[in-house]
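First up is the structure itself, then whatever we jot down about it.
None of the figures in this text is laboratory data; all of them are computed from the coordinates on show. As the structure is a prediction and not an experimental result, all values here were calculated from the model. As a convention, Cβ positions derive from the backbone with ideal geometry for all residues, glycine included, and neighbour counts pool all protein chains shown.
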Amino acid sequence: MELSRREFLKLSGVTTVGIFIFEALGSERVLSATPKAFLVKKRIGEKTTICPYDASGCGFIVAAEGDSITNIEGDPDHPINRGAACSKGASLSQLRTVDGKLNPYRLTKVLYRRPGGTDWETKPWDWAIEQIAKKIKTTRDTNWITRDEDGYLVNRTEGIASVGGAALDNEECYLLVKMLRSMGLVFVEHQARI
């Protein structure tokens, strides 16, 4: 169908007026004429997510009821995996539950084994984060390089390296690299590039 410029402008005007009339009448009133059989409300919440295992970026649908995950399956609308899942992705549901029960092997507490020790101790998260921060600070200070061999100011540490994982999205990787560079790290890599 070929339209002249005048016909195109007329059609655009009629369409715009139709949209305004539709909004003025109230889209709820117009849509309420739809048969109730087709208005299905979800009993459980569903959200899309990305697989945390490799750098492919496969999409999954996570269904939850309350604070419990009831189902994880491949997202058929995702352009990468189109609903399929590799063996690692298919095991996503086992991160929390196995056969409908909480996974007994999933760690939910910090376990710590003292140097030279044989038993694991349960520690609070605050303690673990503080210990990690202290070790990073000590390593950074011990291996700090202010100037290189030629006398140039470099302000860096070569005693710490970081390897990001595919579970991190672009925004998280951006923030992680900003933090690592501000600490003076030189050796920053990502699993997707290796």
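When the alpha carbon gyration tensor of the range 110-193 is reduced to an equivalent ellipsoid, the three semi-axes, largest first, read 28, 20, 11 Å.
Taking the Cα centre of the range 67-194 as reference, the dipole from Cβ charges on Lys and Arg (+1) and Asp and Glu (-1) amounts to some 400 debye. A simple spin-label model places the labels of Leu9 and Lys47 5.0 nm from each other, with each point 7 Å out along Cα-to-Cβ. Among the DSSP beta bridges whose two residues both lie in the range 110-193, what percent are antiparallel, rounded to the nearest 5? Within the range 110-193, antiparallel bridges account for around 55 percent of the total. Spin-label model, Trp125 to Leu95: label points 7 Å out along the Cα-to-beta-carbon direction sit 1.5 nm apart.
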